[in-house]
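Just below is one structure, and these are the notes that go with it.
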Amino acid sequence: VIHLLVPRLDPVDDVERVPVRMFSTGTFVGFGFVGLILGSFVGWCFGLVTRVAGQTLFSYMILAGAIGIGIGIITGMLYSQRDAQRAQ
C-alpha cells in the first residue's frame, strides 16, 4: 500500500544532521485551534456562571476564544522550542 501511494522512497542519508526547525505551521495551527476550542468553552462556562445570554454570551465566547488562540500559539512555540533544544 505504501509503494502504491508513494512509489519513490529514498533513504535518508544522515538523520542526525537534519536541521530542526523551531517553529512550524502545524504548531501554530494545531495549538491555536485547541486554544480556540478550549477558550470558547471557558467563555461559554463563564457566561453561564454569570447568567448572561444571547449576544453577551457570544461575545464572551469570542473574546475567550481569541485569548485561547494566543495562549495556544505561545504554548506551541514554547513546546516546539523545548523539543528543538533537546534535539541539539
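The values are calculated or read from the model by the stated rules, or taken from the named source; none is laboratory data. Values in this document were obtained by computation on a predicted structure and should not be read as measured data. For neighbour counting, all protein chains shown are included, and Cβ atoms are generated from backbone atoms with ideal geometry for every residue, glycine included. Accessible surface is based on the protein model in full, side chains and every heavy atom, while ligands, DNA and RNA are left aside. Shrake-Rupley method; radii C 1.70, N 1.55, O 1.52, S 1.80 Å.
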- Name the single residue, out of those in region 68-88 being of a type in the set (A, V, I, L, M, F, W, C) and open to solvent by 90 Å² or more (accessible area, probe 1.4 Å), that is modelled with the highest pLDDT. I71
- Query: In region 25-55, what residues are open to solvent by 80 Å² or more (accessible area, probe 1.4 Å), closer than 17 Å to I67 by Cβ and within 9 Å of the chain's Cα centre (by Cα)?
  - Reply: F33
